[in-house]
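Below: one structure, written as structure tokens.
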Amino acid sequence: MASDSAHMAIDQTSPIPATLKTTISKQPYYYFAITLASSSPAAPIDVTQYHGYITMVLTQWLGAIGGGIPVDILDYSYPRATIRVPHTNHKSVWQAMTLNPFSLLSDNTQAYFQVLRNSAFAMGVVTSSRKSM
């Protein structure tokens, strides 16, 4: 029986459809569009303070390891920012940002981050398909 299957002829008359499959994986970074929301209007803060609040949230939620996650702010216009984190840490960062309220240092106002958009590609967070042109 094994010898029969080894000698079977391949049907050359049936066309084999040509398909192209592209798989994109192992992206080095993950991108988030975030905003800083607070219980009362707060004075605008600079990008260094904004980065400090992100680091504080990560440290509160994940400890020293969370505080060591590199976060790059690619675009900033208070209260919104576009950030980039290593892809291996994106779930932890996302959890820390959405589940961890904190107090602003300037006036002790309760604040939190909201994730507006997220993507493995920068274009996915800098543009919105929901905006009309």
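The values are calculated or read from the model by the stated rules, or taken from the named source; none is laboratory data. These numbers were taken from a predicted model, which means no experiment stands behind them. Here the Cβ positions follow ideal geometry from the backbone for every residue, glycine too, while neighbour counts run over all protein chains shown. Just the protein is used for accessible areas: all its heavy atoms, side chains included, with ligands, DNA and RNA removed. Shrake-Rupley method; radii C 1.70, N 1.55, O 1.52, S 1.80 Å.
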Which of the residues belonging to the stretch 104-121 are of a type outside the set (Phe, Trp, Tyr) and open to solvent by 40 Å² or more (accessible area, probe 1.4 Å)?
-> Leu105, Ser106, Asp107, Asn108, Gln110, Gln114, Leu116, Arg117, Asn118
When you look at Gln95, is it out of contact with any His (no Cβ under 8 Å at 6 or more places or on another chain), polar (S, T, N, Q), more than 18 Å from Phe32 (Cα to Cα) and at pLDDT below 95, yes or no?
-> no
Flagged pairs (Cβ under 8 angstrom, 6 or more apart or on separate chains; first in the stretch 59-78, under 20 Å from Asp46 (Cα atoms); second exposed (fewer than 13 other Cβ atoms within 10 Å of the Cβ)) are Tyr78/Pro44
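Taking the criterion of being touching a helix residue (DSSP H, G or I) at 6+ places or on another chain (Cβ under 6 Å) and surrounded by fewer than 17 Cβ atoms within 10 Å (Cβ to Cβ), would at least one residue in the stretch 35-47 satisfy it?
no
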Within the stretch 58-76, count every residue that is of a type outside the set (S, T, N, Q) and touching a Gly at 6+ places or on another chain (Cβ under 8 Å).
-> 1
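Give the stretch 74-133 a look and list any residue that's assigned to a loop (DSSP other than H, G, I, E, B) and of a type in the set (S, T, N, Q), or say none.
Within the stretch 74-133, Asn100, Ser106, Asn108, Thr109, Thr127, Ser128, Ser129, Ser132 meet the criteria.
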Assuming Leu74 fulfils every condition listed in (1) aliphatic (A, V, I, L, M); (2) within 10 Å of the chain's Cα centre (by Cα); (3) open to solvent by 30 Å² or more (accessible area, probe 1.4 Å) apart from one, which condition is it?
-> (2)
Which condition breaks for Ile83 when tested against (1) at pLDDT 90 or above; (2) in contact with a Phe, Trp or Tyr (Cβ under 7 Å, 6 or more places away or on another chain); (3) over 18 Å from His51 (Cβ atoms); (4) open to solvent by less than 60 Å² (accessible area, probe 1.4 Å)?
-> (3)
Kindly indicate whether any position in the stretch 94-101 is surrounded by 13 or more Cβ atoms within 10 Å (Cβ to Cβ) and out of contact with any strand residue (DSSP E or B) (no Cβ under 9 Å at 6 or more places or on another chain).
-> yes
